[in-house]
Amino acid sequence: MLTRELAVYKTFKSIKDNFKLSARDVDIDNAAFKLHYRVTAIFLLSCTALVTTYQYFGGYIACVSDKGVANDVINTFCFFSSTFTVVKHFNLSSVRAGSALQPGVGPADQGKDDVVRHAYYQWVPFFLFAQALFFYAPHFVWKRAEGGALKSFVVGLEHLRLATGEKELQLKDAVVPSKKQRDAWVSSAGKAFVARRQLFAPWVGWLTACEMLCALNLGLQVAVVHAFLGGNFWDLVPGALDPEASAPRLDVVFPKLTKCTFHKYGPSGSIQNHDALCVMQLNLIYEKVFIGMWVWMMTLLLATAVGVAWRVGTIVLYCRVGVVSKAMLRCSYPGRMDDRTVDKVLSACDYPSWLFLCYLGGNMDSSTFKDVVYSVAAEVDAGVSSRDISSQETLPLNKDSSSNSADNSPQEIHVIVP
């Protein structure tokens, strides 16, 4: 028993080891995005590991037939050829009347009575694993497209809030810069942000595209699961909770007892039919997996809808409602920032640069982010001042007009343009 528990523990530990989450990771997406590639992908991989450890639940199928067929033969045949249930016995009245053992399990007239074939259980592990890959794919694309752009701004800032001394401080696994080094980093961050404003549009474009890809993938996965379960996923839980249903919904979708027919040649060369009753142990696990998937996917649909609405809303309202952009920027800094400084920074930002600045704030401590915002404002001021100075530069007069002058004046006359 201990060996079995240890094997199960090692199975799930391997999933944990391959999804290490570090507190130092740079946050490059929002919470709704994380629900797809972190929570959902890990949930599906865990379900894959669970359903593939069928040996811990008594096997995948156990069939009972007459003595004319060996048990291992009938078990293997019924597993890969599919089992079936009889539609006319999908009600509790047949069970109470004694004409059926379980809903869907009773006498059937071959070729006349409608039956439902159950073969999905062969593909559940592959199906769940493929779903996990699909939910992780948008994050994979976004991480490659992002290319560490945000990390290049925030790398090494973990200890900047401790930089209060005049000298650099060496810790066990990190270096705390001096106050002068901290000020130089903040200043360079502000300059880099202003200089790279035109490069943020592709960054935000890829982010938005991958968020939309998450939403499309979720809708696709719900439709695929619905088809995979024979059109029974969308209303799986409401149907299971319906007290007026003619038969338990879970026993119809995930039957615990099914039928199977094995054909073989008899001694005289004629075909013999052997009816078997099959106990589907794994369906006990499958029904819990898909109920959990239904609950989570409905929750994820709501969270994704909110995330998409938020992204579209911020794009639409950014240029029209200034208070939204101000509020979002202030959310990155819990303290008070000067209104004139915030207005100055926002006046120089379009939507991509504003969103990138908000993500910068989410990856910095509040005091460092405040200094970066003030540094950006100073760079904006410096840019405006340099334009004003350049507009007041001396302008050369046209040589033709100067040569036509009555006196022998110099060829350039300096004029101050106000």
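Just so you know, all these numbers are worked out from the coordinates, no wet-lab data involved. Not measured: the values here are computed from a predicted model. Here Cβ is always computed from backbone atoms with ideal geometry, including for glycine, and neighbour counts include all displayed protein chains.
Before moving on, here are some points about what is shown:
- If R0 is 45 Å, the Cβ-Cβ spacing of Leu284 and Phe140 corresponds to a FRET efficiency of close to 0.85.
- Cα gyration tensor, the stretch 275-320 - rounded (a/c under 1.5), prolate or oblate: prolate
- This model, with +1 at the C-beta of Lys and Arg and -1 at the C-beta of Asp and Glu, gives the stretch 176-232 a dipole about its Cα centre of some 560 debye.
- Taking amide hydrogens as placed 1.01 Å from N in the peptide plane, the amide H of Gln272 sits under 5 Å from those of Lys264, Tyr265, Gly266, each at least 5 positions away in sequence or on another chain.
- Treating r as the C-beta distance of Ser82 and Trp310 and R0 as 35 Å, the FRET efficiency rounds to 0.20.
- Amide H contacts under 5 Å for Val115, placed H, 5+ residues apart: Val87
- Rounded, prolate or oblate (a/c below 1.5 giving rounded, otherwise prolate when a/b exceeds b/c) for the stretch 170-286 by Cα gyration tensor: prolate
- Net length available on complete extension from Asp339 to Arg38 is 104.6 nm, with 0.36 nm assigned per residue and the Cα-Cα distance removed.
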